[in-house]
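The values are calculated or read from the model by the stated rules, or taken from the named source; none is laboratory data. Computed from a prediction, not measured in an experiment: that's the story for all the values here. No Cβ is skipped: glycine too gets one built from the backbone with ideal geometry, and neighbour counts run over all protein chains shown. Protein only, heavy atoms only, side chains kept; ligands, DNA and RNA dropped before computing areas. Shrake-Rupley method; radii C 1.70, N 1.55, O 1.52, S 1.80 Å.
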Amino acid sequence: MLTEATLQSVHNETRQGEAYAPFELDNNLYHKKFYIESYGCQMNFSDSEIVASILQAEGFGATRNYLEADLVLLNTCSIREKAEQTIRKRLTEFKKVKDARPGMLVGVLGCMAERLKSKLLEEEKLVDMVVGPDAYRTLPGLIEEAETGQKAVNVMLSRDETYADISPVRLESNGVSAFISIMRGCNNMCSFCVVPFTRGRERSRDAYSIINEAKDLFARGFKEVTLLGQNVDSYYWLPPSPKGVCEEASNNNAVTFANLLEMVAQVNPQLRVRFSTSHPKDITEDVLHTMAKYENICKYIHLPVQSGSSRVLQLMNRTYTREWYMAKVDQIKNIMPDCGISSDIISGFCTEMEEDHKDTLDIMRYSGYDMSYMFFYSERPGTLAARRYTDDVPLDVKKRRLQEIVELQGKLSLESNKRDIGKTFKVLIEGESKRSSDDWMGRNTQNKVIVFAKTGGNLQKGDYVWVKVKDCTQATLLGEMIN
Ligand code: 5AD
Ligand code: SF4
């Protein structure tokens, strides 16, 4: 999923990890087979690992070939219209397979399940099961229902489900980095965003279960964890009793994101810690100081700006201004001069004028993003923006502005990479380079991909090495290992 060419894709409309064969599953033990495809954000990929764990307990083994699957699942994304279109097309393909193999069940999981509810079952008759992101524990019962020919739906959202006790089955894993989901849902109500409707209210996962998951991963050889949430900085968890089982968070003290980050960093200095996503309004100075304090907390923040215009930001309900965001960037750079910053940017939001767009280009230059995920605005039914504002920027204007944003980001990424030539970085090897088995591929703390020749040494993925950067492209640093 984390490819050299694309860097890490947070919200990607294309299918990733097309079929999973969990490396942890011994398929001889299972009497039925499931096939799962995930779309969209890292949270969906993380959820698919929870689903795999639930299915495993029900006697399902994984297959990479949907033609031999008893159960085909699509973990779906609704963030933009294009994502939904891609998934619908895929469902139509599966419908054809299903018609030829009547025993096969097809289920829709995730955000589209939540948004479209029983429409996919009833009106379009595309699928047998529709299961929302908080209903995965009920999958076994739903599968039974579907097996008897009934239409199975559960799209209930929950105020407290965090799947804290479920140990995810690591799918498509490189054995080096893993995601840990620390919270679910979002309370922010950015006016363009469908997530608060599809994933429900924000809730934080038991801190002890998070630490235990990190310890377990490290014991199994993983070297990097990414703490995942729609808005990690608002993580807030209260231990249930003053005499909790975990010393770190005793005395009934609330655990904030800064506390959690510190606790995970202390699992082992050899375990790198990353996190995503940060809302600029919520990331605290405490978090920044905690990052600075621990070498193993990666110096990289994904800090979506969305727009550089204060007027548009207000319409987006982002609750910060352009100046406020710029001050946050200054604060990050003051506390951690070497910190990498990336962003999400939307072009052509309702009422966006040329001068607003120029403000966006300007704030990109100011922030000097190492990379960005860039989109044109796609109105989503039910969101605040869909209800309140007119989607009035013509598509060709949205696309032209997006193109300018993409071009500028290309320049900024190249400049940022060029500044690294001559520097030496500690790199965690993730595996062989896609392009050549003579090269390793890894990342530095700033999340930049570095490719370097496998010269000397008896190295393997999961090892840390020092690499001096000799050259670069827009997306990749090219280096040489040093002793
Ligand atoms: N249109 C375009 N982009 C969107 N995003 C969220 N909702 C929309 C939308 N309706 C983008 C935001 C967010 C990222 C995950 O997807 O930039 O940060
Ligand atoms: Fe959507 Fe805003 Fe929540 Fe991110 S913070 S998931 S953009 S509502």
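In terms of accessible area, using a 1.4 Å probe and ignoring ligands and nucleic acids, Leu384, Leu303, Leu67 rank largest first as Leu67, Leu384, Leu303.
Using a probe of 1.4 Å on the protein chains alone, the accessible area found for Cys339 is around 0 Å².
What does the C-alpha gyration tensor say about the overall shape of region 18-154? Classify as rounded when a/c is under 1.5, otherwise prolate if a/b is larger than b/c, or oblate. Here region 18-154 falls in the rounded category. Computed over protein heavy atoms with a 1.4 Å probe, the accessible surface of the chain works out to 41 Å² per residue. Seen from every direction in turn and averaged, the convex hull around the alpha carbons of region 299-419 projects onto 7.2 nm².
Note on surface exposure: Trp324, Trp237 rank Trp324, Trp237 by accessible area, highest first, 1.4 Å probe. Residues whose amide H lies under 5 Å from that of Lys33, counting only those 5 or more places away or on a different chain, are Gly61, Asp70, Leu71; hydrogens are built 1.01 Å from N in the peptide plane.
Annotation: Ile482 carries an accessible surface of approximately 70 Å², with a 1.4 Å probe and no ligand, DNA or RNA atoms counted.
Computed over the Cα atoms of the chain, pair by distinct pair, the Kirkwood hydrodynamic radius stands at 23.4 angstrom. Overall dimensions of region 424-482, expressed as equivalent-ellipsoid semi-axes from the Cα gyration tensor (√(5λ), whole Å, largest first), are 15, 12, 11. Among the trypsin sites (Lys or Arg not before Pro) in region 326-427, those located in a DSSP loop and surrounded by at most 16 other Cβ atoms within 10 Å of their own Cβ are Lys423. Here the Karplus curve 6.51 cos²θ - 1.76 cosθ + 1.60, taken at θ = phi - 60°, turns the phi angles of region 473-483 into couplings of 10, 5, 9, 9, 8, 10, x, 9, 5, 10, 6 Hz, with x standing for Gly and Pro.
Estimated purely from DSSP H runs of n ≥ 4, each contributing -39500 (n - 2.57), the mean residue ellipticity at 222 nm for the chain is -9500 deg cm²/dmol once divided by its residues. Within the full protein context, the accessible area of Leu126 is estimated at about 20 Å² for a probe radius of 1.4 Å.
Straight-line cross-link reach from Lys328 at under 17 Å between alpha-carbon atoms covers these aspartates and glutamates, not counting any fewer than eight positions away in the same chain: Asp233, Asp282, Glu285, Asp286, Asp338, Asp344, Asp359, Asp362, Asp370. Distance from the C-alpha centroid of region 181-216 to that of region 98-121: 25 Å, rounded to the whole angstrom. Excluding same-chain neighbours fewer than eight residues apart, the lysines reachable from Lys468 by a Cα-Cα span under 30 Å are Lys223, Lys293, Lys299, Lys333, Lys411, Lys418, Lys423, Lys426, Lys434, Lys448, Lys454. Of the solvent-accessible surface of the chain, computed with a 1.4 Å probe and all protein chains present, 50% belongs to carbon and sulfur.
On full extension, the segment bounded by Glu323 and Leu238 gains 27.2 nm, given 0.36 nm per residue less the C-alpha separation.
Within straight-line reach of Lys32, meaning a Cα separation under 18 Å, sit the following lysines at least 8 residues removed in sequence or on another chain: Lys98.
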